[in-house]
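One structure is given here, and the rest of the page talks about it.
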Amino acid sequence: MTDLCVIGAGPAGLMAAEVVADAGYSVVIADAKPSFGRKFLMAGKSGLNLTKDEPIAEFTAAFDEAENWLLPMLKNFGNADISSWTNALGQQVFTGSSGRVFPKAMKASPLLRAWLSRLANKGVQFKTRWLWQGWNGTDLVFQTPDGLQDLTANTCVLALGGASWPKLGSDGVWADILKGEDITLAPFKPANMGFHVPWSDYMKPHFGAPIKTVQITAGNTSVRADFVISSKGIEGSGIYAVSKEMREGAELIIDLLPDTSLEVLQDRIMRLPKKASRSSILRKALRLDPVKAALLNEVARSVPLSDIAKTAKALPIQHSGPRPIAEAISTAGGVPQSELTSDLMLRKKPSVFCAGEMLDWEAPTGGYLITGCLATGLCAGQGAARYLASRKANARK
């Protein structure tokens, strides 16, 4: 018997657990994996980007269609609150030149260890290898190393993630459980993902190479960023930033030389001998590095030399769709706002709250995802604490 069971031990679940523990209630966190925060740890392997230091209006705008829904939660715990939160866990942060905020350790593991230790000191119990199976009446049912176990909890926070990186725990299997409870879900879609491009053998020497400092445009979104040529296609932060528009059908356009005008490029070409070769034009007039030159040759090999400068400034990249959802950094889809109260309780399952990536919202990489998970976890935790307080008050009557 426990006051709260949190199912899912990522940032959203841990935040909800701490809020309820701080309110004086007993808390159990259950996770299907042998250890907690696996996707969180993976996110920190290349430097844990916790949030972005920018005005709150710019920050919340990154959540696009979900901005109005998440706005109260992000104002309650948003990008400006991350530093004090990490400092309290003994982890100092710094802000990079792009405004992205990282822990000085540049890893997730010290932060996660400190957080789990603090939760343990508050009496929170941890259950690993507990795979949620649904409900048996009002009890929660788990497949555990000791077989099926029922757990009685006065309230529950589901923080089970989306459907990307299933090996780390976010497999989306929970969707079938909620559908069985007559809860309508938005279909899962990959977000912050790469796209498949069927490269010719010509590009093989460049697999894994970055395309640096280009302007990337799809639909109404345009960013100055880098991306990577992979054996599967294209990926990296610049592609993720426009992946939503690409997923919805917008054409991908790359300006390989965003700091050089078309007029300057054409003037350079005019100064070359009239019979200058294509390779000479790319190297001497356009001044492309070998990877950019290879990409231009691959994509626009039939473009006449008279149009080569114009093409370098607006190179269309044809793709054959997103990479599989299991490879995506995050997912869109999940539990929609219509199925939830303002404090993230399921309307059709009173006492059950939802948080994190299992909610139907998406945001780009760059600190928005983790902040969104923490903010929704806090909201669900506060809702659960209010629910428990109300239940306790009613029991006294």
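The values are calculated or read from the model by the stated rules, or taken from the named source; none is laboratory data. Fair warning: this is a prediction, and the values are worked out from it, not measured in the lab. Note that we place each Cβ from the backbone using ideal geometry, even for glycine, and neighbour counts take in every protein chain shown.
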Just one of the numbered conditions (1) closer than 30 Å to N192 by Cα; (2) without any contact (Cβ under 8 Å) to a residue 60 or more places away in the chain; (3) aromatic (F, W, Y) is not true of W132; which one?
-> (2)
Filter result for L148 (over 18 Å from the mean Cα position of the chain (by Cα) and touching a residue at least 40 places away in the same chain (Cβ under 8 Å)) | no
Count, please, the residues in region 294-317 that happen to be aliphatic (A, V, I, L, M), surrounded by fewer than 17 Cβ atoms within 10 Å (Cβ to Cβ) and in contact (Cβ under 8 Å) with a residue 40 or more places away in the chain.
-> 1
Please find, among A12, A23, the residue that is in the same structural domain as A175 (by TED's automatic domain parsing) and closer than 28 Å to I329 by Cβ.
-> A12
For region 234-282, how many residues are within 40 Å of the chain's Cα centre (by Cα) and either assigned to a loop (DSSP other than H, G, I, E, B) or within 30 Å of P364 (Cβ to Cβ) (or both)?
-> 29
Counting only residues that are over 30 Å from G134 (Cβ atoms), give me the strands (runs of 3 or more DSSP E) lying completely in region 1-96 with at least 2 of them.
-> 93-95
Being at pLDDT 95 or above and among the basic types (K, R) is the filter; apply it to region 339-397 and report the residue that is surrounded by the fewest Cβ atoms within 10 Å (Cβ to Cβ).
-> R347
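Being among the basic types (K, R) and under 24 Å from S338 (Cβ atoms) is the filter here, so list the residues in region 157-207 that pass it.
Initially, region 157-207 is screened for residues among the basic types (K, R), giving 167, 179, 189, 204.
Of everything in region 157-207, those that are among the basic types (K, R) and under 24 Å from S338 (Cβ atoms) turn out to be K179, K189.
Please count how many residues of region 173-192 are in contact (Cβ under 8 Å) with a residue 60 or more places away in the chain and either part of a loop (DSSP other than H, G, I, E, B) or more than 10 Å from G134 (Cβ to Cβ) (or both). Reasoning before the result, please.
Pass one, region 173-192, residues in contact (Cβ under 8 Å) with a residue 60 or more places away in the chain: 174-175, 178, 181-192.
If we keep only those that are either part of a loop (DSSP other than H, G, I, E, B) or more than 10 Å from G134 (Cβ to Cβ) (or both) too, we end up with 175, 181-192.
Final tally of qualifying residues: 13.
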What are the pairs, 6+ residues apart or on separate chains, where a residue within region 344-359 that is among the aromatic types (F, W, Y) has its Cβ under 7 Å from a residue that is part of a loop (DSSP other than H, G, I, E, B) and surrounded by 24 or more Cβ atoms within 10 Å (Cβ to Cβ)?
-> F353/L344
S98 fails exactly one of (1) under 30 Å from G194 (Cβ atoms); (2) of a type in the set (S, T, N, Q); (3) buried (at least 20 other Cβ atoms within 10 Å of the Cβ), namely (3)
